[in-house]
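Read through the structure below, which is laid out as structure tokens, and then see the notes.
Taken together, the values in this text are just the output of simple stated rules run on the coordinates, not laboratory data. Just so you know, these numbers come straight off a predicted model, no measurement behind them. All Cβ positions, glycine included, derive from the backbone under ideal geometry; neighbour counts span all protein chains shown.
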Amino acid sequence: MNDQPSERTVANQALVEKFWANLYRRDFDACGAAFSPDGVYTDVPVGEVGATGPAEVAARLRLGLEPIERYEHHLKTIVANDDAVITEHVEEWFWSTGEHVALPFVSVMELRDGQITRWWDYFNLATLLDGAPQWWLEHIAQGYR
């Protein structure tokens, strides 16, 4: 029995790790470019598909994260199997007005031909809403379109 991951698994995990590195460098366009034209990004607790395709993904990330003074990524676990990569992590968000949130996530990504086709983020929405400043909530409510 071969206990080594397949080449596809290794490549997909590397792509996701690069995605996270780009996100925490604030390279939103590079994050969007990792998506297929029909790739979707969804914040599951919000209950709707948030963005489809590279440009919308970049715009949605920019909408929520650009106004934040800084954010830190604390990787817990990455599990990869063929075309699925699951990441357990915590993001700490710091606003210039003094608010701070530590938000645990489980991110599920599916990939095809070297591109992300599906990214679903699972988190406790109340944790974010209770800790975020009102001005930021009003900003994201306006949307990116």
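Excluding residue 109 itself, what net charge comes from residues whose Cβ is under 13 Å from its Cβ, given Lys and Arg +1 and Asp and Glu -1? Every neighbour counted, the sum reads -3. Seen against the Cα atoms of the chain and their longest principal axis, helix 7-24 is set at about 20 degrees.
Between the amide H of residue 42 and those of 50, 119, 120, 121, distances stay under 5 Å, these residues lying 5 or more places away or on another chain, with hydrogens modeled in the peptide plane. Each residue of region 100-113 is assigned a 3J(HN,Hα), and the resulting list reads 8, 9, 9, 10, x, 10, 10, 10, 10, 10, 10, 10, 8, 6 Hz, derived from the Karplus form 6.51 cos²θ - 1.76 cosθ + 1.60 (θ = phi - 60°), x at Gly and Pro.
If the chain linking residue 130 and residue 70 were pulled fully straight, counting 0.36 nm for each residue of separation and taking away their Cα-Cα distance, it would gain 19.8 nm. Can you give the angle from 0 to 90° between the axis of helix 53-65 and the longest principal axis of the chain, with both taken from C-alpha atoms, to the nearest 10? That helix lies at roughly 40 degrees to the long axis. Using θ = phi - 60° in the Karplus curve 6.51 cos²θ - 1.76 cosθ + 1.60, the 3J(HN,Hα) couplings for region 31-45 round to 5, x, 5, 6, 8, 6, x, 9, x, 10, 10, 9, 8, 3, x Hz; x is entered for Gly and Pro. Loop-resident GluC sites (Glu not before Pro) (DSSP state other than H, G, I, E or B) in region 1-101 with no more than 12 further Cβ atoms inside 10 Å of their Cβ: 48, 69.
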